[in-house]
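Below you'll find the structure, written out as structure tokens, and then a few comments.
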Amino acid sequence: MKELKLLLLTNNINQIGGLERVIAILSNYFAEKENQKITILSLYTKRNCLAFDFSNKVEIVHGNLNLKDDIKPYLRDTLSSNTHNIIFTFNTDLGLEFLRIRKHFPELIWIATEHISPFDYTWKRRALNLLVYAGADRLIVLTEYARKYYRNRFIYHTHTIPNALSFITDKKSDVLLHKRIIAIGRIEKVKCFDLLIEAFSLIAQKNADWKLELVGDGSQKTILQENVLELGLEDQIYFSGYRKDVKELCLEASFCVITSKYEGFSMIALEALECGLPLISFDLPSIKEIVGDYKAALFVPQGKIDELAQKMQWLMDNPEELQYMANEAKKCAKNYHISKIGKKWDDLLDELNCY
């Protein structure tokens with residue numbers, strides 16, 4: 001079998017984010033296969049301060065660059081001194097930098113990956129994406145609607161491979177016991193946690209035994225905490241900060257709410273489903289595609305606070321439906337186990353004659 005030497009190119013592997021979690025899952029999967037050497041090149045870091053767990057078979061190289069540095073000479077020297085045969089890029093900017101030097105590495109297979117919905121970019125950025133991704137050997141997107149977008153614009157080498165779950169558990173939340181709603185993510189404007197707090201405030205008095213837990217940190221946290229105090233809901237709404245034990249948190253909740261303006265592909269949704277949590281989400285195409293035909297989620301038009309409150313109240317009032325949706329959630333999550341998603345990656349590399 002041909003030895004594969006994969007280079008995963010990213011900006012900052014130490015960051016706490018969905019992309020870094022995806023890189024960890026993917027690199028760990030590849031590292032456990034025979035005849036595969038995995039290197040992560042983190043351009044703008046100096047040392048490991050990792051937020052996620054990596055296999056000891058994964059090599060992490062820190063570029064120690066500054067944001068103002070021209071990365072092309074460094075990248076060219078790094079690629080010249082190694083024998084990598086596949087490079088992965090994880091955003092358009094890094095893809096553009098590699099595209100500029102690609103002529104020096106004609107044998108290197110380039111797999112570009114896109115983790116944000118094309119509809120969430122400006123028209124200028126969408127145009128740049130098309131320019132960059134046209135030069136890749138394969139473009140991997142997370143959803144079918146993103147694949148159709150790029151293929152309709154002549155990027156015919158676009159394929160869909162969803163993200164895999166970061167963990168698998170045999171456990172399932174006792175959704176009827178906990179009376180706790182959970183929302184997880186960066187506490188930034190894009191996540192619209194202010195709308196969730198407002199919606200919960202409409203039904204909080206009627207449901208004094210229910211709690212809302214917001215998990216994460218961000219620039220909006222202090223503002224939201226002040227909002228909770230003004231509403232007099234500090235006994236029902238609380239902030240847990242950034243937590244690594246997402247699985248344990250989900251296993252102690254009744255359902256999960258997602259109020260983002262957009263989601264390229266929600267890892268939080270996957271993790272909640274794996275723990276048997278039903279979802280209530282704004283009407284996001286990526287969440288709908290994740291859930292598919294499973295009756296594991298309720299959807300609300302974007303920004304409709306009254307309807308969000310009504311859907312939460314409906315789940316609180318209908319334990320049989322809540323339990324049914326919890327069972328559907330667990331079934332849905334099996335589609336995103338690494339055994340299934342990893343095979344899609346294996347098939348792609350086989351198609352590229354890498355094996």
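The values are calculated or read from the model by the stated rules, or taken from the named source; none is laboratory data. The structure displayed is predicted, hence computed values, not measured ones. Reconstructed Cβ throughout: ideal geometry from the backbone, glycine too, with neighbour counts over all protein chains shown. These area figures cover heavy atoms from the full protein model, side chains too; ligands, DNA and RNA do not enter into them. Shrake-Rupley method; radii C 1.70, N 1.55, O 1.52, S 1.80 Å.
Some points to look at:
- Segment 207-224, residues that are more than 18 Å from the chain's Cα centre (by Cα) and not hydroxyl-bearing (Ser, Thr, Tyr): ASN207, ALA208, ASP209, TRP210, LYS211, LEU212, GLU213, GLN220, LYS221, ILE223, LEU224
- Selection within segment 27-42 - under 21 Å from the mean Cα position of the chain (by Cα) and over 14 Å from HIS84 (Cβ atoms): ASN28, TYR29, ALA31, SER42
- Qualifying residues in segment 135-176 (those that are among the hydroxyl-bearing types (Ser, Thr, Tyr) and in a loop (DSSP other than H, G, I, E, B)) - the one nearest to LYS340 (Cα to Cα): SER166
- Contacts under 7 angstrom Cβ, first residue in segment 238-262 being more than 17 Å from LYS179 (Cβ to Cβ), partner assigned to a loop (DSSP other than H, G, I, E, B) and aliphatic (A, V, I, L, M), 6 or more apart: TYR242/ILE16; SER260/LEU284; TYR262/LEU284
- Residues of segment 299-347 satisfying the condition of being modelled with pLDDT under 95 and either aliphatic (A, V, I, L, M) or touching a His at 6+ places or on another chain (Cβ under 8 Å) (or both): ILE338
- Picking from residues in segment 247-296 that are among the basic types (Lys, Arg) and in contact with a helix residue (DSSP H, G or I) (Cβ under 8 Å, 6 or more places away or on another chain), the one that is nearest to MET325 (Cα to Cα) is LYS295.
- Considering residues of segment 236-272 that are more than 22 Å from GLN15 (Cα to Cα) and among the aromatic types (Phe, Trp, Tyr) only, the residue surrounded by the fewest Cβ atoms within 10 Å (Cβ to Cβ): TYR238
- Failed item, numbered, when CYS275 is tested on (1) under 20 Å from ASN163 (Cα atoms); (2) touching a strand residue (DSSP E or B) at 6+ places or on another chain (Cβ under 7 Å): (2)
- Taken over segment 98-118, the criterion of being closer than 15 Å to LYS72 by Cα and buried (at least 18 other Cβ atoms within 10 Å of the Cβ) is satisfied by PHE98, LEU99.
- Output for segment 62-87, where each listed residue is in a loop (DSSP other than H, G, I, E, B) and open to solvent by 20 Å² or more (accessible area, probe 1.4 Å): ASN64, LEU65, ASN66, LEU67, LYS68, ASP69, ASP70, SER81, ASN82, THR83, HIS84, ASN85
- Here is the figure for segment 49-61: residues that are open to solvent by 40 Å² or more (accessible area, probe 1.4 Å) and of a type in the set (Val, Ile, Thr) total 1.
- Tally, over segment 291-309, of residues that are more than 22 Å from the chain's Cα centre (by Cα), surrounded by 15 or more Cβ atoms within 10 Å (Cβ to Cβ) and touching a residue at least 24 places away in the same chain (Cβ under 8 Å): 3
- Residue count, segment 311-343 (criterion: closer than 24 Å to ASP209 by Cα and surrounded by fewer than 16 Cβ atoms within 10 Å (Cβ to Cβ)): 8
- The one condition in (1) touching a His at 6+ places or on another chain (Cβ under 6 Å); (2) more than 22 Å from GLY264 (Cβ to Cβ); (3) crowded, with 20+ Cβ neighbours inside 10 Å that LYS46 fails to fulfil: (3)
- Hey, LYS288 open to solvent by 50 Å² or more (accessible area, probe 1.4 Å), of a type outside the set (Ser, Thr, Tyr) and under 20 Å from VAL141 (Cα atoms) or not: yes
- For segment 101-116, the criterion of being under 21 Å from ARG151 (Cα atoms), among the β-branched types (Val, Ile, Thr) and over 24 Å from the mean Cα position of the chain (by Cα) is met by at least one residue.
- Note on segment 190-216: among residues that are among the aliphatic types (A, V, I, L, M) and assigned to a strand (DSSP E or B), the one that is surrounded by the fewest Cβ atoms within 10 Å (Cβ to Cβ) is VAL215.
- Residues in segment 174-188 that are closer than 17 Å to ILE268 by Cα and not hydrophobic (A, V, I, L, M, F, W, C) were compared, and the one that is nearest to the chain's Cα centre (by Cα) is GLY185.
- First in segment 64-91 and within 20 Å of LEU4 (Cα to Cα), second anywhere and open to solvent by less than 50 Å² (accessible area, probe 1.4 Å) and assigned to a loop (DSSP other than H, G, I, E, B), Cβ under 6 Å, 6 or more apart: LEU79/PHE105; ILE87/LEU108
- Across segment 131-154, the qualifying residues are those that are over 22 Å from THR10 (Cβ atoms) and not basic (Lys, Arg), and the one among them that is surrounded by the most Cβ atoms within 10 Å (Cβ to Cβ) is TYR149.
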